[in-house]
Each structure stands twice: as C-alpha cells, then as structure tokens.
1. With no solvent and one equal point scatterer placed on each C-alpha of region 225-288, evaluate the Debye formula and give log10 I(q)/I(0) for q = 0.15, 0.21, 0.23, 0.24 Å⁻¹, two decimals.
2. Can you give me the distance in nm between label points at Arg376 and Ser10, each placed 7 Å from the Cα along the Cα-to-Cβ direction?
3. So, by mean Cβ neighbours within 10 angstrom, what's the order for 100-108, 232-240, 257-265 with the highest one leading?
4. What is the calculated FRET efficiency for Leu29 to Tyr125, with r their C-beta to C-beta distance and R₀ = 25 Å, to the nearest 0.05?
5. Charges only on Cβ, +1 for Lys and Arg, -1 for Asp and Glu: so what's the dipole of the chain about the Cα centre, in debye to the nearest 20?
6. Average the reciprocal distances over every distinct pair of alpha-carbons in region 117-222, invert the result, and give the Kirkwood radius in Å.
7. Looking only at region 313-349, which residues have a backbone nitrogen under 12 Å from a spot 7 Å from the Cα of Arg391 in the C-beta direction?
8. With both bridge residues required to lie in region 62-287, what share of the DSSP beta bridges run antiparallel, to the nearest 5%?
Amino acid sequence: MHNKKYDFGSVLDRRNTCSLKWEFCEQVLGVPEVIPMWVADMDFPAPPEVVEAVVKRAQHGAYGYPFIPRSFWSAIIDWMKVRHNWEIKREWLSRCHGVVPALNICIQTYTAPGDKIIIQSPVYYPFFSAVENNGRRVVRNPLRFENGLWSLDFDDLRKKIDRRTRMLILCSPHNPVGRVWRRQELEELADICRQYDLLIVSDEIHAEHVFRGHRHIPTASLSPEIAARTITLTAPSKAFNIAGLTTSLVIIPNQRLLTLYKTQLENLGLTVNNIFGLVALEAAYTHGAAWLDELVAYLEENMDYARRYFEERIGRIKFLKPEGTYLALLDCRDLGLPQKELNEFFLKKARIYFDEGPIFGPELEGFERMNLACSRKTLAEALSRIEKAVREI
Ligand SMILES: Cc1ncc(COP(=O)(O)O)c(C=O)c1O
C-alpha cells in the first residue's frame with residue numbers, strides 16, 4: 001500500500017458551522033452531547049484540492065452569473081470513463097441543484113398524475129415523497145432479505161407492473177441496504193423495464209464508495225438500448241462531502257428525453273447553478289481521485305472495525321457490512337424493543353442519533369441506519385456508548 005497522504009483520523013469540530021447533521025439533535029430534538037450518525041454526510045473536510053479551488057474562487061470577490069466552461073463538462077466525461085469505464089458524451093449532460101430536485105423534475109417531466117412508479121423498498125425515503133408529492137402512485141417492489149443478503153425480487157416486479165406503470169426508480173448502489181448491484185442483476189432488471197417499456201431513473205449518487213470485491217456498473221452503460229430509456233442522476237456530493245454546494249448531474253443519452261428535461265428545468269426557472277458548486281464539482285472530478293481512494297479504504301476499515309466490535313462486544317445487535325456506501329444497517333431485533341423505544345434508547349441512553357429503519361420502509365422495523373463516515377476515534381466512542389447502554393437494558 002502506498003504512503004497515506006490525507007488525514008481522515010483527526011476529529012473535525014463541525015459544531016456551529018450550519019451543519020444539519022450536527023445541529024439537529026440539540027436544536028431540534030433538544031438532546032445535547034449526541035454523536036450524530038444519521039443524515040448521509042461525512043465528518044471529513046472535502047479534498048484539499050477542492051477546498052483550495054473554492055477558496056481561490058471566493059477570494060476573487062465577483063460572484064456574478066456563472067458560465068459553465070468546457071473544462072467542467074470534460075472533467076465529468078473523463079471521470080466517468082476512468083472510474084466507471086463509461087463513455088459518455090457532452091450532449092448527454094445536464095445538471096440540477098441536487099439529485100432529489102432532479103428526481104422530482106424527472107417525475108414531473110416523464111409521468112402524468114395518477115401514473116404508477118416502482119420503488120424498491122426499503123429505500124432512501126425521498127423516493128416515496130417525490131412520487132407522492134407530485135400526485136403519482138408508489139408501487140413497492142420490496143427487496144428480499146435472506147441469510148443476511150438483500151436482493152431484487154424480479155417475480156414480484158413483473159407482477160406489479162400494469163398499464164399505468166411508467167417508471168422505475170433504482171438506487172444503485174443502494175441506500176440503505178448497501179448493495180452494489182452486480183451486472184447480472186442489473187441486466188435482468190433492465191430487461192424487465194425494456195419488456196414493459198418503463199423508464200429507469202438510476203440514482204447513482206453513492207457510486208464512488210464501493211468496497212473491495214465489488215464494482216459499480218452504471219445502468220446506462222449496460223447497452224445502448226438500455227441507455228435510451230435511462231436517466232442517470234448523480235453528483236460528487238456524497239463522495240467528496242460537498243452536498244451543501246447543491247450541484248448535481250443529469251445524464252440522458254436519449255435526446256428526446258433530454259430536451260424534455262431541459263424544458264422542464266427552464267419552466268421551473270432553475271437554469272442557474274451556484275458558482276461554488278460548479279467550481280467544487282470540477283475540482284473534485286479533476287483532482288479528487290487519490291483522496292477518494294484513501295477515503296474508501298478508510299471507510300472500509302471503519303466498517304470492519306465496527307463489525308468486529310459488534311460481534312465481539314455487543315452480540316445482541318447485528319452489524320450488516322455494506323458492499324458500498326458509508327451507511328450500514330444495524331439489525332436490533334434481538335433487543336426486543338418496539339421501534340419507538342429503540343429510537344429513544346439510542347438517542348437518550350446511548351446518545352447516538354441514527355436514522356430509524358422504518359423511514360426507509362416497513363421492511364426495516366427493528367433496524368437502524370448508522371453513518372460511519374467519521375474518524376475512527378468518533379466511531380470508537382460511539383461503539384463504546386452503545387456497548388454500555390446495551391449492557392444496562
Ligand atoms: C440515494 C440518495 N439519493 C440522493 C441523495 C441526496 O441527494 P442531493 O443532496 O443531491 O439531493 C441521497 C442522500 O443521502 C441519497 O442517499
């Protein structure tokens with residue numbers, strides 16, 4: 001292993017920096033001294049090369065309307081080719097102010113009120129609200145959970161599709177179950193979508209955090225035929241901890257679908273992106289690879305550290321190591337606490353704030369989602385709090 005260049009071990013004090021993750025427990029829930037391990041952002045600063053680019057642009061002083069330079073688009077094209085072996089073209093690209101806004105726009109653009117949209121629960125909960133808030137109908141195609149492994153249920157999917165079903169929203173890699181879908185799984189899924197003429201919206205925001213033995217495959221890279229019905233939503237925001245700069249990418253090879261997307265973006269008056277988000281995105285994709293490789297190795301060490309700790313010292317909670325993402329599920333069903341008490345237990349007894357399993361779907365009753373994107377020191381403190389609290393049950 002080459003010498004480590006970046007520091008993920010130091011604890012960054014994020015209090016009083018307008019951080020949702022860090023202010024929420026005290027200011028909204030009213031519980032002080034909590035270790036926040038909920039919303040998906042990281043306690044590490046962005047790569048130094050990204051920070052430098054943003055600082056340099058900030059020091060310039062003039063913040064008028066941005067023009068997106070050619071170098072911005074080529075940074076994206078190069079990144080996708082080198083990191084994901086996916087050749088994309090400039091004319092497939094558009095952008096948005098986040099993956100969730102783009103998802104809402106896709107639903108508005110490509111479906112009509114009353115249409116049905118497939119979601120593979122348990123899943124990132126804004127998928128549900130994006131469908132429902134726009135007056136469309138959620139059709140759940142739950143994942144299967146057998147022998148500790150989550151998988152897609154193709155038979156159920158085929159049964160759920162009818163003439164009003166227009167779209168499938170795929171989470172790849174999957175939050176919160178941490179699956180990095182294999183080629184064969186994606187091909188079978190995509191084939192069903194082709195057969196029943198469904199559009200695929202593929203949310204690939206977690207593509208960069210994938211652990212040893214796994215590889216992210218962009219859905220649209222499967223074949224030109226699948227690319228023609230796939231809208232890929234992604235961003236460097238999870239990978240490089242720049243979600244607060246609200247800049248995301250929309251990749252649509254099908255030019256008819258792309259024109260419809262751009263028209264809707266204009267109808268909503270959302271044609272201008274934040275200048276710092278543009279600068280950070282380009283810097284991340286241009287200079288961030290080495291930092292990202294070290295980060296992913298550090299995150300996997302965190303996962304292995306936590307897994308061992310749960311196994312050896314907190315036997316009653318099962319830690320499910322993900323294949324990708326910095327989010328892991330804790331199977332707490334052996335504690336025998338109803339969900340409400342389980343949440344209270346972690347918040348008030350252990351003083352850790354997790355995302356509660358059922359917000360992702362009823363399949364996760366008795367589970368919690370833990371965010372491990374923090375220094376090992378913070379993680380160790382959190383685990384010892386959990387150990388102590390579990391002993392006292
Ligand atoms: C699957 C998934 N999509 C989208 C987002 C959020 O994207 P954005 O902040 O760009 O709207 C998250 C954040 O946790 C996520 O997990």
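1. For region 225-288 at q = 0.15, 0.21, 0.23, 0.24 Å⁻¹, log10 I(q)/I(0) is -0.56, -0.93, -1.01, -1.03.
2. Calculated label separation equals 1.7 nm.
3. Ranked from most to least packed, the peptides come out as 232-240, 100-108, 257-265.
4. For R0 = 25 Å, the calculated efficiency reads 0.90.
5. 440
6. 14.1
7. Label zone hits: 313-314.
8. Rounded to the nearest five, the antiparallel share is 35 percent.
Rule-based calculations on the coordinates, nothing more; no lab input. Quick caveat: nothing in here was measured; it's all calculated off a predicted structure. Cβ: placed from backbone, ideal geometry, glycine included. Neighbour counts: every protein chain shown.
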